[in-house]
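The values are calculated or read from the model by the stated rules, or taken from the named source; none is laboratory data. Quantities reported herein were computed from a predicted structural model and do not represent experimental measurements. Positions of Cβ are generated from backbone atoms using ideal geometry, with glycine treated the same way; all protein chains shown enter the neighbour counts.
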Amino acid sequence: MRTASLWLRQLSARQWRWALCVVVFTLGSTGCHRRPTVEPGYHEYAYVTNGRSNSVSVLDLLELRNVKTIPVGAGPTGVAASPTRNEIYVANADSNNITIINAERNVVEATIGVHRAPYFVSVSPDGKRAYVANSGSANVSVIDLDKRAVIATIRVGGAPGLARVSPDGKVAVVSNRADNTVSIIDTLKLAVRSTAPVCQQPQDLVILPDSSKAFVACPGSNQLASVDLVSGRMLTLLDVGNMPVQLALKPDGGELFVSNFGGNNFSIVETANNEVGGSYLIGDQPTRGIVTSDNSLLYVSNFGSDTVSVYAIDEGRVIGTVQVGSHPDGLALSPDEAHLLVVNSRSGDVAVVRTVKTRDNSKLSADRALVTLIPVGNQPNDIVIKAFQVGEAKK
């Protein structure tokens, strides 16, 4: 297994595709194909934060290779892409600042100081503001991305882990780990509108597409809280698996998948009626999940078993498992969803998994397999993808 892994690392993207085509052709398949020609100036980049290298790796998804390493602040963790301009935002937890990367030139354009220990950054749907929960300062920094400046610092609960902006842009929801509460910030007034007690050590959270409710994972009590964003009150507590650490929402908002790190399973939550549909074994220490845009497949990274599991949502069963690198964590799908990118935190690389469907469009694809491993930095944490045509960013 080690020999095969080293061989994969030594192949370039071009060599790998050639070798793969030889194997596929030998097996008699006609599935090998070239990517369609793209317009000049079109780019698909993945940005990976390297926590112990103080850098961001830039991966070219058209060539499947690492094209640049960008020095940022100390201890980079969360990363986000602007929905309206060709920019990337990096939270540097150890240097207490946010790095702005120009995606067209892949250079640092600005560095903005915030308060202590920011781990994540969330961008408003109009791309004008960023919200940063400062876990060491019990507040949220609001950044005007046009002015490149902090325009407000809002006091919230203790040890805020994440500040996520609602799809309609009207509120930002903050999980306060030390206080077991959730703060709801009015983004127009830039002030806390309400604070709701929830469950123990709230961390990851998602907001429904209609901005009506938020769901918050609480590893400290093995629960999920449902919060009404209109009234600001908690609706109910749901018992899930042991140590829920991450939430993956279907694009249609109908179901929520909870990665239970300590239970080696995931729970399915029906968001309309706030009910747990069941919990199912998946892999050793499931960490992250991501759902395809057609709501059909859930991919889960299994931190303890160095694998990614593929769960067919409508069929209600695991349909495949792919061996990736050591301690897989962050996940992202390429824009055409032909590849799944898996951040391997211990081995310091990104696994590229082919997800192409068979010719009859079945979800049970015999072609699903590891394509290559792309080396990045030391202890990669998070990943985000930005696809754009140069000169076409919205203003």
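Show the residue pairs meeting these rules: Cβ distance below 6 Å; 6+ apart or different chains; first residue within segment 207-227 and assigned to a loop (DSSP other than H, G, I, E, B); second residue among the small types (G, A, S).
Between residues of segment 207-227 that are assigned to a loop (DSSP other than H, G, I, E, B) and residues that are among the small types (G, A, S), the close pairs are L208/G253; P209/G253; S211/S166.
Taking S267 as the residue in question, decide whether it is at pLDDT 95 or above, assigned to a strand (DSSP E or B) and of a type in the set (G, A, S).
So S267 passes the test.
Taking S305, is it under 22 Å from D349 (Cα atoms) and of a type in the set (S, T, N, Q)?
Yes; evaluated as a whole, the condition is true for this residue.
Among the numbered conditions (1) under 24 Å from T372 (Cβ atoms); (2) of a type in the set (S, T, N, Q); (3) in contact with a Leu (Cβ under 8 Å, 6 or more places away or on another chain), tell me where T271 comes up short.
(1)
Looking only at segment 120-141, which residues are touching a strand residue (DSSP E or B) at 6+ places or on another chain (Cβ under 8 Å) and more than 17 Å from E87 (Cα to Cα)?
A133, N134, S135, A138, N139, V140, S141
Looking at A217, A248, A225, which one is within 20 Å of the chain's Cα centre (by Cα) and under 19 Å from D179 (Cβ atoms)?
Selected residue: A217, the only one of A217, A248, A225 that is within 20 Å of the chain's Cα centre (by Cα) and under 19 Å from D179 (Cβ atoms).
Would you mention how many residues in segment 55-94 are without any contact (Cβ under 8 Å) to a residue 40 or more places away in the chain and among the polar types (S, T, N, Q)?
The total comes to 1.
Restricting to segment 10-65, name every residue that is aliphatic (A, V, I, L, M) and modelled with pLDDT under 50.
Listed by number, the residues that qualify are L11, A13, A19, L20, V22, V23, V24, L27.
Going residue by residue through segment 282-290, is there one that turns out to be within 30 Å of V227 (Cβ to Cβ) and among the polar types (S, T, N, Q)?
The answer is yes, given that some residue of segment 282-290 is within 30 Å of V227 (Cβ to Cβ) and among the polar types (S, T, N, Q).
Quick one: count up the residues across segment 59-103 that are of a type in the set (F, W, Y) and out of contact with any strand residue (DSSP E or B) (no Cβ under 8 Å at 6 or more places or on another chain).
Number satisfying all stated conditions: 0.
Restricting to segment 356-378, and then to whatever is surrounded by fewer than 22 Cβ atoms within 10 Å (Cβ to Cβ) and of a type in the set (S, T, Y), can you tell me which residue is modelled with the lowest pLDDT?
In this case the residue turns out to be T358.
Out of all the residues in segment 81-93, is one or more more than 17 Å from D382 (Cα to Cα), modelled with pLDDT under 95 and among the hydroxyl-bearing types (S, T, Y)?
There is no residue in segment 81-93 that is more than 17 Å from D382 (Cα to Cα), modelled with pLDDT under 95 and among the hydroxyl-bearing types (S, T, Y).
Quick one: in segment 382-395, which of the residues that are at pLDDT 95 or above and of a type outside the set (G, A, S) is surrounded by the most Cβ atoms within 10 Å (Cβ to Cβ)?
The qualifying residue surrounded by the most Cβ atoms within 10 Å (Cβ to Cβ) is D382.
Of all residues in segment 305-319, how many are surrounded by fewer than 20 Cβ atoms within 10 Å (Cβ to Cβ) and in contact (Cβ under 8 Å) with a residue 40 or more places away in the chain?
The qualifying residues number 4.
Looking at segment 163-181, is at least one residue under 23 Å from T49 (Cα atoms) and part of a loop (DSSP other than H, G, I, E, B)?
No, that holds for no residue.
Starting from segment 238-264, keep only residues that are at positive phi and among the hydroxyl-bearing types (S, T, Y), then list their pairs with residues that are modelled with pLDDT of 95 or more and surrounded by 18 or more Cβ atoms within 10 Å (Cβ to Cβ) whose Cβ atoms are within a distance under 8 Å, requiring at least 6 positions of separation or different chains.
none
Would you be able to tell me the number of residues in segment 89-126 that are in contact with an Asp or Glu (Cβ under 9 Å, 6 or more places away or on another chain) and over 26 Å from V67 (Cα atoms)?
Qualifying residue count for the region: 2.
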